[in-house]
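Notes follow the structure.
Any read-out appearing in this document is the output of simple, stated calculations on the displayed coordinates, not a laboratory observation. Just so it is clear, the structure is predicted and the values come from calculations on it, not from any experiment. Virtual Cβ from ideal backbone geometry, glycine too; neighbours counted across all protein chains shown.
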Amino acid sequence: MDTKDKLVKDSNKIQIHGDHYEVFDDLLGPLYVEDYDDNRFDIHVGPVFNKIGDLATFNISVEESPEYGIWIGSEETDTNIVLSKATFDAIVDFVNYKFKIKNPKD
Amino acid sequence: MIPVWQTTISGCERASLASILELSIEEVPDFFPAKEFKEIYTRSENKWFSDIPSLFHQNVENWLWNRGLMIIRSMCNFNVYHLKTLIWNNFAGAHTVVGYGYKIVHDPEPFPTYLPSDFAGHSWNRYIVPTMDCTNLISSIKGF
């Protein structure tokens with residue numbers, strides 16, 4: 001069993017459902033993950049409340065690039081939305097599962 | 001998070017890191033000493049902002065990596081303590097503070113002479129997270 005498979009087995013936040021993954025947010029429940037290619041995955045987040053009280057659903061895109069390392073972007077670019085630590089932890093779990101993190105010295 | 005104040009003009013990053021990791025200022029290296037800062041500032045004819053990232057951030061990331069930590073960058077706001085880099089309105093520089101969600105919860109500058117309106121409306125956020133293979137080191141780091 002390689003490190004990635006072991007992480008899925010040990011994690012209570014990552015689940016494989018046929019052709020897609022889910023990561024579990026303690027507040028929002030399961031979040032749908034689309035695994036695109038070696039360097040990117042998307043997580044569907046929501047519904048969450050933004051600063052003016054509207055419910056919003058949007059995609060977070062997580063990429064690994066030579067310039068920025070791991071980058072979390074939002075399609076909606078709605079910086080008024082504050083996401084929970086639970087969502088962040090779920091993203092970090094999937095980052096660790098998907099990307100082979102490289103030493104910045106290399 | 002335990003607030004730590006910067007001791008040099010270029011020490012906002014160092015103090016913000018110390019605050020998040022709950023270390024003293026002496027336990028975090030001076031990633032960008034004032035002498036080096038002045039040399040680059042002079043050499044680049046005040047356009048120092050574009051020359052800093054590769055040198056400066058590499059030093060920070062190497063130091064974190066050796067402690068089982070790494071950086072995740074985002075403009076999204078999560079309810080996690082993070083390094084929030086504010087860009088000056090004239091894009092001549094930046095200032096790092098401690099953020100939580102979209103709020104600034106600690107500005108390490110002890111005697112600020114600027115106003116919130118001096119910064120452009122957006123910020124770059126850097127989140128410090130454990131690296132995959134170093135989970136055994138994390139418990140030895142304060143604040144985690």
Residues of B:66-76, mean number of Cβ from any other protein chain within 10 Å of their own Cβ, rounded to a whole number? 6
Averaged over B:78-87, number of beta-carbon atoms from partner chains that fall within 10 Å: 3
The residues B:K103, A:K98, sorted from fewest to most surrounding Cβ atoms within 10 Å, come out as B:K103, A:K98
Shielding of A:84-96 by partners, i.e. mean partner chain Cβ atoms within 10 Å per residue? 4
